[in-house]
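*Asks:* Handing you this structure, nothing more for now.
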């Protein structure tokens, strides 16, 4: 079983209706799908791979070898303990427009700034498709995330590396979770696997596909769609060989944005009104998520319902 692979370029041709239906199926039945021919130049993606890999080797590899994560693994090996439930075998840096970026790796800042600009535009195109498939006014999701007509939505990029792990049975690459935010765009390693999603109570590999962009829906899309689209549990396995590179970009609501089910979608299903998703300020949801990221999402929704 493999997650859907969708040719995004066909939205503009005779197969538009079929492609829209494929994306709807990806959102409704999977929560994950891969886009090919998405409009981001291969030349740019190759540069992204190069600078991110060079950044890790130049600026982070030695640091990771001396990190607390490595120390924990050594302790687990010595104790012959069970798998750790509270650590991830992951090196991470987050790129935002207003924070300091790595400066030692040639071309990193320029390449990643260009890449983030292209990813943000792709995210907004994907959200318009979701609007149309859900029967919402075009621009509805973007406006909800921005808290109106401004440009206040959060757009962040997480550059992760999962180095070779001597004992992958003792740690997770990244623990299972759903994403708190909106639309997630992942440029994953096309050589080293490890990403899995939970579907029908089975963990399924998200197959590496060169220069594709993996899309997944976060908790806020689930709320806005009143449960028609679901955020999905996913994880990353630690591996013995290979250094997995993963670049995830998040188009999330502004912390001040109010999130609630779209009125057009309330009552479309057999839900009673009291059982619709709650209305809340995204900052309140994030305060709950920070404490419960690796726990079931339903109590998070209940917690903000009572705030």
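Each reported figure results from applying straightforward, stated rules to the coordinates on display, with no laboratory input. On a predicted model such as this, the values are computed, not experimentally measured, just so you know. Glycine also receives a Cβ, built like all others from the backbone with ideal geometry; neighbour counts cover every protein chain displayed.
*Asks:* Where is the GNM fluctuation largest for the chain (alpha-carbon springs, 10 angstrom cutoff): 42, 200, 284?
*Replies:* Highest fluctuation among the options: 200.
*Asks:* May I ask you to sort 225, 287 by Cβ crowding, counting other Cβ atoms within 10 Å and putting the fewest first?
*Replies:* Going from sparsest to densest Cβ surroundings: 287, 225.
*Asks:* Can you pull the percent of Cα pairs in region 201-266 with separation above 15 Å?
*Replies:* Here the tail beyond 15 Å accounts for 67 percent of pairs.
*Asks:* While we're looking at this one, here's another question. Between residue 260 and residue 53, what is 0.36 nm times their sequence separation minus the Cα-Cα distance? Round to one decimal in nm.
*Replies:* Stretched out fully, the residue 260 to residue 53 stretch lengthens by 70.6 nm.
*Asks:* Moving on. State whether region 12-70 is rounded, prolate or oblate according to the following rule on the C-alpha gyration tensor (a ≥ b ≥ c being the square roots of its eigenvalues): a/c under 1.5 gives rounded; otherwise a/b larger than b/c gives prolate, and the remaining case gives oblate.
*Replies:* The shape class here is oblate.
*Asks:* Sort 175, 244, 305 so the one with the fewest other Cβ atoms within 10 Å of its own Cβ comes first.
*Replies:* 305, 175, 244
*Asks:* Still on this model: With all pairs of different alpha carbon atoms counted, what Kirkwood hydrodynamic radius in Å does region 5-305 show?
*Replies:* 20.2 Å
*Asks:* What nm value, rounded to one decimal, do you get for the distance between residue 149 and residue 16 when each label is placed 7 Å out toward the C-beta?
*Replies:* 2.6 nm
*Asks:* Give the angle, between 0 and 90 degrees and rounded to the nearest 10, that separates the Cα long axis of helix 108-134 from the longest principal axis of the Cα atoms of the chain.
*Replies:* The angle comes out at about 30 degrees.
*Asks:* Would you work out if region 1-126 is rounded, prolate or oblate? Take a ≥ b ≥ c from the square roots of the eigenvalues of the alpha-carbon gyration tensor; rounded if a/c is under 1.5, else prolate when a/b is larger than b/c, oblate otherwise.
*Replies:* oblate
*Asks:* Using a 7 Å offset from the Cα along the Cα-to-Cβ direction at both residue 9 and residue 66, what is the distance between the two label points in nm, to one decimal?
*Replies:* For the pair residue 9/residue 66, the computed spacing is 4.8 nm.
*Asks:* Pop the C-beta distance of residue 203 and residue 42 into the FRET formula with R0 = 25 Å and round what comes out to the nearest 0.05.
*Replies:* FRET efficiency, residue 203 to residue 42: 0.25.
*Asks:* So for region 5-305, averaging the separation of alpha carbon pairs under 8 Å that are six or more residues apart and normalising by length, what relative contact order in percent results?
*Replies:* The normalised contact order for region 5-305 reaches 21 percent.
*Asks:* Would you mind calculating the relative contact order of region 7-162 from Cα pairs under 8 angstrom and at least 6 residues apart, reporting the percent as a whole number?
*Replies:* This gives 27 percent for region 7-162.
*Asks:* Rounded to the nearest 10 degrees, what's the angle between the helix 42-55 long axis and the longest principal axis of the chain, both from Cα atoms, 0 to 90?
*Replies:* 40 degrees
*Asks:* Over the chain, what is the percentage of antiparallel beta bridges among all DSSP beta bridges, to the nearest 5?
*Replies:* Percent antiparallel among DSSP bridges in the chain is about 90.
*Asks:* Helix 68-79 versus the longest principal axis of the chain: what is the Cα-based angle in degrees, 0 to 90, to the nearest 10?
*Replies:* 70 degrees
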